[in-house]
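**Q** The following block contains the structure, expressed as structure tokens.
The values are calculated or read from the model by the stated rules, or taken from the named source; none is laboratory data. As the structure is a prediction and not an experimental result, all values here were calculated from the model. Note: ideal-geometry Cβ built from the backbone for every residue, glycine included; neighbour counts use all protein chains shown.
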Amino acid sequence: MMLSFPMEKVRAVFYRRRLDAELDDEIQAHLEMARDEYLVRGMSPEEATRAARRDFGRIERAKEQHRDVRSVVWVENRFRELKFGARSLRKRPGMAATVVLALSLGIGLPALAFSLIESALLPRLPFENADRIMRVERAGQTPLTDADFAEWSSRQRSFEAVGAFQNARLTLGIAGWATEPISAGFITPSVLPLLAVEPSLGRQFSEDDASQGAPPVVLVSEQIWRERLEADPGVLGTLIRVNGRPAQIVGILPEGFGFPWDQQIWLPLRVDPFRGQRDSDIETSLGVVGLLRDGVSARSAAVELTALTREMDLSNLGETGIGSQVVVRGYTDIFSEPGQSAALAALLLGLTFMVLLVACANVANVMLARAVARKRDVAVRVAIGASRLRIAGELWAEIGLLAAAGGLGGSLIALGATRVIDGVVPPGMPFWVDFRLSPSLLFFVAFVAALAAVMAGLIPALQASRSNTHDLLKDDARGASSYQLGRVMRRLIGVELALSFVLLVWAGLFIRSANNYSQTDFAFGPEGVYTARISLPEEAYAEAADRARYAETLRDALAAIPQVTSAALTTAVPGVGSGGIASIELEDATAAGTTDLLRVQSVAVTPGFFDVFRATLLAGRDFDARDRAGSPPVAIVNAEFAERHFPGGALDQRIRIADPDNSGEWLTIVGVTPDLMAGGLSPSTSEAIYRPVAQVAPPALMIAARSVAGFESLTAPIRESLMGFDPDVPLFSVQAHDVSIDLANAQWKWMSILFLICGATALFLAALGLYGVMSFWVIQRTREIGVRMALGGHRGVIVRLVLRQGMRLTSLGLIAGVLLALPAARLLGGAMFGVSPYDPLVFGSILGVLIAVAWLGCWVPALRATRIDPMRALAAE
Amino acid sequence: MAGMLGDIPYGTLDLMILKTLQSMGPLHGFGLARQIEQVSDNLLQLNQGSVYPALQRLVQEGWIQSEWGVSESNRRAKYYSITNTGRKQLRTEVESWHRTAMLVQRFLALET
């Protein structure tokens, strides 16, 4: 049929009542006129009325057809079904509330995952061309030199522009404010134009700012400008002290800008191709950012730069290594492995969708139970002519309403949780992370709710279309058709329990990992050790000898503090972070012409380091006063290094740091230490070498002190002894070492929390489902139970009857759960810390928890069964 | 009795309504129904109620329009009248009806 006036039809849906009334009037007038005519012909009033009606035909039919013509029937029918659904849901508020709760949880978790992913895992930089801004680095955390960057930037073709940056912790001294540590970024003048960021006040860096001997200039963040500089527009030209050195403010960078990470002030970075590898620690390795040319992919850029770099390494080092590979990836893809954030995002979504699946199975079960409870009602309606479509329509309308309510609930859950997360976000998040609900979340929730409705409605709808009217109308307390429904319900419960089991096993494995980690005997006893960072101002300590002297004096001063039992300085503390990776070569191998560059963790330490961490050397000696600048260079290696490369004994063997001109001095190995996790938790290499601070003279150091007194009583004396001989050296990040370890442990804790939330929610839903099914089972068997009780059956017998049935259901789910969890646990594999994926404790305890929860879920219906009054149960039929 | 009377041939009710409204001017539903019955000379079994859905459809097509008015017997009733597009539509329908009728007649005229 042609829809010439669709708008009118749509309007008709909404004005239905008025239009119906109008039609009624019209028909009424018609009947009266017809009656008048018959009256005139001499009929009695009754006869006239009857005749008028007869001529008119069936009034309801005319109305129905009128309505069909009048409006979009489809829409009107859906409206009617929704109304019907809402009414029937209102009649069972408990059932509706349960389903909405289940769906809210099931939809809320994916929604939360989505919002986390959007804000933290796969965020967009708040810049124009964000998709073309790339991070460029050598593979395997290989440090990047100024020479590398200079070569890249002059020869590459893939990027419109490249820029280099370094992060540093510096001190900031502004008149009227206490000097304090601040995160600073050194950036090449090309960085800001590349990111298309304009200063909100003043100018950006020019090439001159980055040239040698240029007057020192600094850019500061809008936040500092507002909080410390009174948002003074005349602030340009003011001098502030950066690391004790005056620098002139030339510009203010806009709110929300924190490139490269969460920086507050920026200094020009001078790239000097003739400077070798930057010799200090992790904080100062060079980072590179590039703006890809339009149409160039990250992959092809990586291919180009890798070719360049291999050529470069071949001519400089005479060989290529893993570090000659160049990795190009999105700037916000911050994990050590490329693609890890996408993997984490998939994991989050996967987990939460498993919970959604459990929730949907639950809802499907409730709908099935309802269908069984109403089957006679439905059968009667079908028998008197209601179409199957109509019945199915009502089912879908009900589920649709429930899913919509669930979507609303889920959004609220996501909203609340996002607020909470926003409140507990640790400081030091990158500047682009912004926990906020976005409009796209609404679309996502709508999508998930629709998906949930389909998943929850499919099985009940299929069942409804299959069941036979005739069978249903027969008296059938335990007929074949109800048995069929029972089987589907049992399977759904099984699926719920199995999925919960898998989620909980994962959670359990992570909890065990976290636990293992915090209970590991690290061979370095982190309790009672306090750490702090210091950084020597570059200008005042340009000479290695000065830095070495400073370190020595500081160590002595620390050791002199009464509470301190031992103290040392180091570039890295065990178990947390890395001192840096170095490429080294072995003297024997080099002599034999079989040079192989080894990548090792390289840490500089003062004498006493191994005492502080209670590590007894396995062989040889600790560094001592003999090992100073100028005396024969020495090294201590860890057991793993020693065993792998010097199975015959490492002492007195010689190694050296690889460099382009083979000019490095050979280091004699004087000691072997147990493994102290020099590279942190999941290092790219766990072989490590230690060198004396006196011979390396790094500009940034950590203090490590073992103390009998607590944290608070130690900070002041350390600060004091530091101030004693140079007030310009800042002290920051004072921390108890076991706290740092816990922070490093956070990944497992977060993971276990994440999995536990999903697992617990799934378990809750499964228990709810089991409870529902068992309650339903009891109601279905009210008569049977009543008969048993009337025949003198014990309450205990009845309880056992129900529990046995429930436990049979449960065991089905648990067997499926174990079969599913065994391969699923292996998926975690590498993410575990000291736990077998088949950890019997985890599997056993979760089995126990599930059985206990399932038991509870059956217990209440069982008790209810015993309260069935035999007389009423029998009379009810 | 009723069985001897034919139902309305499919698709012809619209035509009848339009033609009636064109020649009689505005009518209410009852008047229209009676008029059709009289013209058909009781060859037709018409449920008077069935004119209403048809009227509604024609209104939606824009071929007729409706208006509340007062009947001869002083009752409030809805009057329907044909529109200009309705007249055009009537012409095409009449033409197509003639063509159909002619076609059928030719076949019936074939020698057996």
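Table: residues versus (1) more than 14 Å from every other protein chain (Cβ to nearest Cβ); (2) within 17 Å of A:Val69 (Cβ to Cβ).
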residue	(1), (2)
B:Asn42	no, no
B:Gln60	no, yes
B:Ser66	no, yes
B:Lys78	no, yes
B:Arg87	yes, no
B:Glu95	yes, no
B:Arg99	yes, no
B:Val104	yes, no
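**Q** Let me confirm something: among A:Phe56, A:Phe127, which residue is aromatic (Phe, Trp, Tyr) and within 14 Å of chain B (Cβ to nearest Cβ)?
**A** It is A:Phe56.
**Q** Limited to the stretch A:216-230, what total is found for residues that are within 19 Å of A:Leu192 (Cβ to Cβ) and surrounded by fewer than 18 Cβ atoms within 10 Å (Cβ to Cβ)?
**A** 2
**Q** Looking only at the stretch A:616-626, decide whether some residue is among the acidic types (Asp, Glu), within 44 Å of the chain's Cα centre (by Cα) and assigned to a strand (DSSP E or B).
**A** Checking the stretch A:616-626: not a single residue is among the acidic types (Asp, Glu), within 44 Å of the chain's Cα centre (by Cα) and assigned to a strand (DSSP E or B).
**Q** Does B:Glu37 satisfy the criteria of being out of contact with any Pro (no Cβ under 6 Å at 6 or more places or on another chain), modelled with pLDDT of 85 or more and over 16 Å from A:Leu31 (Cβ atoms)?
**A** Considered against the rule, which asks whether it is out of contact with any Pro (no Cβ under 6 Å at 6 or more places or on another chain), modelled with pLDDT of 85 or more and over 16 Å from A:Leu31 (Cβ atoms), B:Glu37 comes out as no.
**Q** Give me the pairs: first residue in the stretch A:77-103 and among the hydroxyl-bearing types (Ser, Thr, Tyr), second residue crowded, with 18+ Cβ neighbours inside 10 Å, beta-carbon distance under 8 Å, and six or more apart or on different chains, which are they?
**A** A:Ser88/A:Glu394; A:Ser88/A:Glu398; A:Thr98/A:Val366; A:Thr98/A:Leu768; A:Thr98/A:Gly772
**Q** Just checking, how many residues over the stretch A:176-220 are in contact with a strand residue (DSSP E or B) (Cβ under 8 Å, 6 or more places away or on another chain), assigned to a loop (DSSP other than H, G, I, E, B) and at pLDDT below 90?
**A** Here the count works out to 2.
**Q** Does A:Ala62 satisfy the criteria of being in contact with a Leu (Cβ under 7 Å, 6 or more places away or on another chain), of a type outside the set (S, T, N, Q) and either at pLDDT below 85 or surrounded by 17 or more Cβ atoms within 10 Å (Cβ to Cβ) (or both)?
**A** no
**Q** With the structure loaded, tell me whether A:Glu37 is facing chain B (nearest Cβ under 9 Å), buried (at least 16 other Cβ atoms within 10 Å of the Cβ) and among the acidic types (Asp, Glu) or whether it fails that test.
**A** Yes, satisfied.
**Q** For A:Ala568, are the conditions met, namely being modelled with pLDDT of 85 or more, under 30 Å from A:Ala184 (Cβ atoms) and crowded, with 23+ Cβ neighbours inside 10 Å?
**A** Spelling it out, A:Ala568 is indeed modelled with pLDDT of 85 or more, under 30 Å from A:Ala184 (Cβ atoms) and crowded, with 23+ Cβ neighbours inside 10 Å.
**Q** Among the residues of the stretch A:138-161 satisfying the criterion of being buried (at least 22 other Cβ atoms within 10 Å of the Cβ) and in a strand (DSSP E or B), which is farthest from the chain's Cα centre (by Cα)?
**A** A:Phe159
**Q** For the stretch A:305-325, give me the residue count where each residue is in a loop (DSSP other than H, G, I, E, B), in contact with an Asp or Glu (Cβ under 9 Å, 6 or more places away or on another chain) and touching a residue at least 12 places away in the same chain (Cβ under 8 Å).
**A** Selection size over the stretch A:305-325: 2.
**Q** Continuing with this model, one more query. Checking the conditions here, which among B:Glu37, B:Glu72 is outside any helix (DSSP H, G or I), within 12 Å of another protein chain (Cβ to nearest Cβ) and not hydroxyl-bearing (Ser, Thr, Tyr)?
**A** Going through B:Glu37, B:Glu72 in turn, just one is outside any helix (DSSP H, G or I), within 12 Å of another protein chain (Cβ to nearest Cβ) and not hydroxyl-bearing (Ser, Thr, Tyr): B:Glu72.
**Q** If you don't mind, there's one more thing I want to ask. Does the stretch A:588-603 contain at least one residue that is in a helix (DSSP H, G or I) and in contact (Cβ under 8 Å) with a residue 40 or more places away in the chain?
**A** Scanning the stretch A:588-603 turns up at least one residue that is in a helix (DSSP H, G or I) and in contact (Cβ under 8 Å) with a residue 40 or more places away in the chain.
**Q** Those residues that are among the hydroxyl-bearing types (Ser, Thr, Tyr) and over 30 Å from A:Trp506 (Cα atoms), I need them from the stretch A:780-825; list them, please.
**A** Passing the criteria: only A:Thr782.
**Q** Name every residue in the stretch A:578-595 that is at pLDDT below 75 and touching a helix residue (DSSP H, G or I) at 6+ places or on another chain (Cβ under 7 Å), in order of residue number.
**A** Scanning the stretch A:578-595 gives A:Ser578, A:Thr595.
**Q** Sticking with this structure for a sec: If you check every pair at least six apart or on different chains, which have Cβ atoms under 8 Å apart with a residue in the stretch A:19-34 that is more than 8 Å from chain B (Cβ to nearest Cβ) and farther than 14 Å from A:Arg70 by Cα first and a residue that is hydroxyl-bearing (Ser, Thr, Tyr) and part of a helix (DSSP H, G or I) second?
**A** A:Leu31/A:Thr49
**Q** Wholly within the stretch A:425-523, which helices (runs of 4 or more DSSP H) include no fewer than the required count, namely at least 1 residues that are at pLDDT 85 or above?
**A** Of the helices (runs of 4 or more DSSP H) lying wholly inside the stretch A:425-523, those with at least 1 residues that are at pLDDT 85 or above span A:439-466, A:480-519.
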